[in-house]
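Report on the following structure.
The values are calculated or read from the model by the stated rules, or taken from the named source; none is laboratory data. Remember, predicted model here, so these are calculated numbers, not experimental data. Heads up, the Cβs are rebuilt from the backbone with ideal geometry, glycines too, and the neighbour counts pull from every protein chain shown.
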Amino acid sequence: MKLIAAIAASAALLAACSPASQDSTDSAAATPAAAQGGASQRAAAAGPNCDAPTPTAVTVTGETTREGQLKLLEHPDPKLAANKRLVWDMWRTLLNGYHIDRAGEFIHKDYIQHNPMANTGLDGMQNFFRSLNIPPREIPEAIPEGVVAVMAEGDLVTIVFPRAYTDSCGREYVSTWFDMFRIKDGLIVEHWDAATRP
């Protein structure tokens, strides 16, 4: 039995030192950060497989009516309800209506931005949106893309949206987008989302 164990150990050592094993180790070390996380992140990082069947995930939908969205803003704690309403009003006014000059009503001057595509600070946020050259338009009664949920806890508010995409195989699908905001003294002071650089 000792001889079998010694042979197995030697075989394992040889396999670990073989060039094929080193290549796979180097390949694993070169795996981008996007490959970390759950199975769906690893599958996405592996690249497209256009011959595979389209996944059967249920399409994400959101509440599109004003009444329905206002219901999502309700909370037994008046402060949390106000924080949810601040984020909802900011989204409709700035991101849907592009009334960027009104940003100071919602955003603190020392606003911290974690989206790698945008700028930090109130001035940075305004300059980023002005650079898009989108003229102001009517502020919608509700967020037109729909809202799945608005959650508040402590000083944080997370708003969840359906978002349409086209994959690299040309197939359209809808997934979920999250934006999280930190509120202080009635203004948004920090923002996180899942944005990446192209």
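Quick check, is residue 142 touching a residue at least 40 places away in the same chain (Cβ under 8 Å) and not in a loop (DSSP other than H, G, I, E, B)?
Spelling it out, it is not the case that residue 142 is touching a residue at least 40 places away in the same chain (Cβ under 8 Å) and not in a loop (DSSP other than H, G, I, E, B).
If you check 134, 139, which single one turns out to be β-branched (Val, Ile, Thr), surrounded by fewer than 16 Cβ atoms within 10 Å (Cβ to Cβ) and in contact with a Ser or Thr (Cβ under 7 Å, 6 or more places away or on another chain)?
139
So that you can scan it fast, the table gives a plain yes or no per residue for (1) small (Gly, Ala, Ser); (2) within 17 Å of the chain's Cα centre (by Cα); (3) on the phi < 0 side of the Ramachandran plot:
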residue: 131; (1), (2), (3): yes, no, yes
residue: 140; (1), (2), (3): no, no, yes
residue: 146; (1), (2), (3): yes, yes, no
residue: 149; (1), (2), (3): yes, yes, yes
residue: 153; (1), (2), (3): no, no, yes
residue: 157; (1), (2), (3): no, yes, yes
residue: 173; (1), (2), (3): no, yes, yes
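Out of region 21-75, which residues are modelled with pLDDT of 90 or more, part of a helix (DSSP H, G or I) and of a type in the set (D, E, K, R)?
The answer is 66, 67, 71.
Listed residues 89, 101; which is among the acidic types (Asp, Glu), more than 16 Å from residue 140 (Cα to Cα) and either without any contact (Cβ under 8 Å) to a residue 12 or more places away in the chain or in a helix (DSSP H, G or I) (or both)?
The match here is 101.
Can you name the residue in region 156-184 that is surrounded by 15 or more Cβ atoms within 10 Å (Cβ to Cβ) and of a type in the set (D, E, K, R) and, of all such residues, is modelled with the lowest pLDDT?
The extreme case among them is 163.
Condition check ((1) surrounded by fewer than 14 Cβ atoms within 10 Å (Cβ to Cβ); (2) more than 22 Å from residue 146 (Cβ to Cβ)) across all residues:
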position	(1), (2)
42	yes, yes
46	yes, yes
53	yes, yes
56	yes, no
66	yes, no
75	no, no
83	no, no
87	no, no
92	no, no
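In this structure, does residue 187 turn out to be closer than 27 Å to residue 80 by Cα, among the hydrophobic types (A, V, I, L, M, F, W, C) and free of Cβ contacts under 8 Å to residues at least 60 places away in the same chain?
No, not satisfied.
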